[in-house]
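Structure first, then comments.
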Amino acid sequence: MSTGGKSRRAFLAESATGLGAAWIAANYSAIAAAQEFVRTAAASGQAAAYAFFTPEQAAEVEAMTAEIIPTDSTPGAREAHAVAFIDRALVTFESERQDDYRKGLEELAAATKKLYPSAARFSALKGEDRIKVLASIEKSPFFELVRVHTITGFFASPVHGGNHDKVGWALVGYDDSLEHVAPFGYYDALPPARG
């Protein structure tokens, strides 16, 4: 899981490039369903419960997301509630990926036991031990799926369950106020006369 000398911001920006538009175009109707799911859950007044994950599974996925986008001087995936986004995705627009998560969590447990036989679960490991386990599965389709879902949940609109308090947007300096005023420049001038 080498960063190749890139900053965290550069890595996240490169990872997100193009992903958003393609993903939205491919999943527009399902995204609308996810928004309705979140609105209904919020209107109920109940504390958000996981719709797909058990509490134990959620802890495992959250531990993975916290290593993919760790907390340092800026908030990470845990503060963005990326696991809540992933949970909602798995009962709405990514429901066909539920088995991938079930099998992937079994693979994660097996990799954890292989490297740390006395560990109860991946989420019970600390820092470098977690990194070692993730490095052992980082070429797997499951790790790639969790990585994509984590990054998407970190930057998605908060209405989808992730990007809590807009921490992902704050990290890249995105202003969602829609009060953009373009600076005066050459594109405001009249075009040159022809002929």
Expected unfolding gain across Ala26-Lys113 under the 0.36 nm per residue rule, minus the alpha-carbon gap, is 27.6 nm
From the Cα centre of the range 117-145 to that of the range 47-115, the distance in Å is 12
Run the 1.4 Å probe and let me know the accessible area of Lys103, rounded to the nearest 10 Å². 120
Taking the dipole of the range 66-195 about the Cα centre (Lys, Arg +1; Asp, Glu -1; charges at Cβ), the one of Pro117, Val146, Gly161 that reaches farthest to the positive side is Pro117
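The values are calculated or read from the model by the stated rules, or taken from the named source; none is laboratory data. Remember, it's a predicted structure, so these values are computed and weren't measured experimentally. We place every Cβ from the backbone using ideal geometry, glycine too, and count neighbours over all the protein chains shown. Surface accessibility is based on the protein's heavy atoms, side chains included, excluding ligands, DNA and RNA. Shrake-Rupley method; radii C 1.70, N 1.55, O 1.52, S 1.80 Å.
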